[in-house]
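Visitor: First, the structure itself, so that you have it in front of you.
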Amino acid sequence: MTTLTPSKSPLFMSLQMGDLNLSNRMVMAPLTRNRAGEGNVPTDLNTLYYTQRVSAGLLITEATQISETALGYPATPGIHSDAQVKGWKKITDAVHKEGGLIFMQLWHVGRISHPSMLPDNMLPVAPSAIQPQGDAVTYDGMQPFVTPRALGVQEIPDIIADYVSAANNARLAGFDGIEVHSANGYLLDEFLRDGSNTRDDIYGGSVENRMRLLDEVLNAVKEVWPSKRVGVRLSPENQFNDIQDSQPQSTFNAVVDMLSKHDLAYLHVLEGDMLNGGREVDYVELKRRFGGLYMANMGYTQATAEEALTEGNADMIAFGQLFIANPDLPARFIRGASLNEPDQATFYGGDEKGYTDYPALEAEKKLA
Ligand code: PHB
């Protein structure tokens with residue numbers, strides 16, 4: 001498949017998202033990089049990393065913990081302490097100085113954690129006490145997931161309050177908006193899908209009940225942010241983190257119908273299954289039901305992204321690995337330049353190697 005000339009390519013057309021104008025339709029996907037500093041505070045190295053990628057029409061931060069009990073991996077940043085807010089403020093200031101836009105992805109990992117990482121060695125929390133298959137990434141290496149503790153119905157307001165407090169901190173830190181992470185087997189997704197939610201109260205059973213927590217979280221964060229500054233991420237058929245739903249199409253049709261009533265900035269969908277490569281859900285149907293701006297993600301290339309935009313199957317495309325390895329990805333697409341190869345070994349954790357040392361085209365020219 002061939003790419004379009006820059007003047008014909010929908011990737012480089014601006015996009016109005018509420019009162020924000022995105023200079024192009026290339027979004028940097030949320031990417032866990034495990035390089036936060038002491039206290040899970042963003043560092044100057046993290047500032048450099050995001051600033052290098054500022055030519056994306058929109059940057060979305062790596063998933064960021066809403067509370068200390070929302071954490072599931074070493075060295076992932078939070079947005080619940082003053083020091084974290086200050087660290088993120090440096091990042092948003094630097095991005096804005098360069099003319100960029102940046103949303104923060106708000107994260108609660110639910111059962112994808114381990115007591116050794118949590119306050120007082122508490123059990124991870126989840127909709128139901130169902131142990132996921134697989135291992136947690138802990139400070140002491142990989143350890144099998146434990147059976148989580150099912151949240152009591154009386155604890156739900158505290159979880160929602162943590163989302164509101166984090167959303168408010170994201171405002172204080174100067175973000176342009178927030179993305180509620182409701183994908184990939186983490187807490188909100190655990191509520192949505194019937195493989196992880198077997199509750200028999202108002203948060204389980206029917207899809208209306210399973211999506212109640214996401215609906216309530218959105219109502220609550222909309223007290224802090226205008227609705228057009230709030231996005232949501234879903235992954236209807238992704239089985240990463242041992243999660244499944246018996247009827248992904250009908251479940252997520254209903255979820256998207258609910259989301260369409262929230263007048264959001266966008267719906268961000270990981271289309272397919274990261275693990276097995278399947279793609280059975282009708283994403284065009286989800287986009288149609290949502291009605292607002294639809295951001296697609298899942299291994300898109302320049303050519304497939306242009307095709308999706310041209311056919312009206314997406315309004316923006318989020319690129320993950322391509323933005324890891326190519327800080328100036330839009331310029332490379334425009335010029336038809338070669339792309340740097342991402343180095344998997346340095347995706348998670350470490351220092352500047354594989355993080356801020358991928359060269360931009362200008363730097364490559366100087367070296368040549
Ligand atoms: C990961 O750390 O591998 C990770 C984190 C958040 C996601 C997906 C993957 O949404």
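Just so it is clear, none of the values below were taken in a lab; they were calculated from the coordinates. Note that the structure is predicted; figures quoted are calculated from it, not measured. Here the Cβ is made from the backbone with ideal geometry for all residues, glycine too, and neighbour counts use every protein chain on show.
Visitor: Got a sec? Which of Leu234, Leu286, Leu267 is closer than 26 Å to Pro10 by Cβ and more than 16 Å from the ligand (Cβ to nearest atom)?
Guide: Leu286
Visitor: Test each condition in (1) small (Gly, Ala, Ser); (2) touching a residue at least 60 places away in the same chain (Cβ under 8 Å); (3) part of a loop (DSSP other than H, G, I, E, B) for Gly100 and report the one that comes out false.
Guide: Checking Gly100 against (1) small (Gly, Ala, Ser); (2) touching a residue at least 60 places away in the same chain (Cβ under 8 Å); (3) part of a loop (DSSP other than H, G, I, E, B), the one that fails is (2).
Visitor: One residue is enough: does the range 280-290 have a residue meeting the conditions touching an Asp or Glu at 6+ places or on another chain (Cβ under 7 Å), touching a residue at least 12 places away in the same chain (Cβ under 8 Å), loosely packed, with under 13 Cβ neighbours inside 10 Å and not polar (S, T, N, Q)? It would help to see each step written out before you state the result.
Guide: So the first thing to find is which residues in the range 280-290 are touching an Asp or Glu at 6+ places or on another chain (Cβ under 7 Å), and the list is 280-281, 283, 289.
Those left that are additionally touching a residue at least 12 places away in the same chain (Cβ under 8 Å): 280-281, 283, 289.
Remaining after also requiring loosely packed, with under 13 Cβ neighbours inside 10 Å: 280.
If we keep only those that are not polar (S, T, N, Q) too, we end up with 280.
Among the residues of the range 280-290, at least one is touching an Asp or Glu at 6+ places or on another chain (Cβ under 7 Å), touching a residue at least 12 places away in the same chain (Cβ under 8 Å), loosely packed, with under 13 Cβ neighbours inside 10 Å and not polar (S, T, N, Q), which makes the answer yes.
Visitor: For the range 51-97, what are the residues that are over 20 Å from Ile160 (Cβ atoms), in contact (Cβ under 8 Å) with a residue 40 or more places away in the chain and of a type in the set (Asp, Glu)?
Guide: Glu62, Asp93
Visitor: If you check Val207 against the conditions, is it touching a strand residue (DSSP E or B) at 6+ places or on another chain (Cβ under 7 Å) and among the β-branched types (Val, Ile, Thr)? Break it down into steps so the answer makes sense when it comes.
Guide: Working: touching a strand residue (DSSP E or B) at 6+ places or on another chain (Cβ under 7 Å): no; among the β-branched types (Val, Ile, Thr): yes.
Answer is no for this residue.
Visitor: Being surrounded by fewer than 17 Cβ atoms within 10 Å (Cβ to Cβ) and under 25 Å from Leu361 (Cβ atoms) is the requirement here; does Pro10 meet it?
Guide: No, not satisfied.
Visitor: Looking at (1) touching a residue at least 24 places away in the same chain (Cβ under 8 Å); (2) closer than 30 Å to Glu311 by Cα; (3) basic (Lys, Arg), which one does Arg33 not meet, given that it meets all the others?
Guide: (2)
Visitor: Now for a separate question. List the pairs whose first member sits in the range 147-162 and is acidic (Asp, Glu), whose second member is assigned to a helix (DSSP H, G or I), and whose Cβ atoms are under 9 Å apart, counting only residues at least 6 apart or on separate chains?
Guide: What qualifies is Asp162/Thr69; Asp162/Ala70.
Visitor: Could you please find all residues in the range 106-126 being of a type in the set (S, T, N, Q) and out of contact with any helix residue (DSSP H, G or I) (no Cβ under 8 Å at 6 or more places or on another chain)?
Guide: Across the range 106-126, the qualifying residues are Ser113, Ser116.
Visitor: While we're here: Considering only the range 54-68, state which residues are closer than 25 Å to Phe12 by Cα and surrounded by 24 or more Cβ atoms within 10 Å (Cβ to Cβ).
Guide: Once the filter is applied, which keeps residues that are closer than 25 Å to Phe12 by Cα and surrounded by 24 or more Cβ atoms within 10 Å (Cβ to Cβ), the range 54-68 yields Ala56, Gly57, Leu58, Leu59, Ile60, Thr61.
Visitor: Does the range 65-85 hold any residues that are touching a His at 6+ places or on another chain (Cβ under 9 Å) and either in a helix (DSSP H, G or I) or not hydrophobic (A, V, I, L, M, F, W, C) (or both), and which are they?
Guide: Answer for the range 65-85, where residues must be touching a His at 6+ places or on another chain (Cβ under 9 Å) and either in a helix (DSSP H, G or I) or not hydrophobic (A, V, I, L, M, F, W, C) (or both): Gln65, Ser67, Glu68, Thr69, Ala70, Gly72.
Visitor: Which residues, counting only those in the range 127-150, are in contact with a helix residue (DSSP H, G or I) (Cβ under 7 Å, 6 or more places away or on another chain), within 16 Å of the ligand (Cβ to nearest atom) and either within 19 Å of Ile66 (Cα to Cα) or charged (D, E, K, R) (or both)?
Guide: Listed by number, the list holds a single entry, Thr138.
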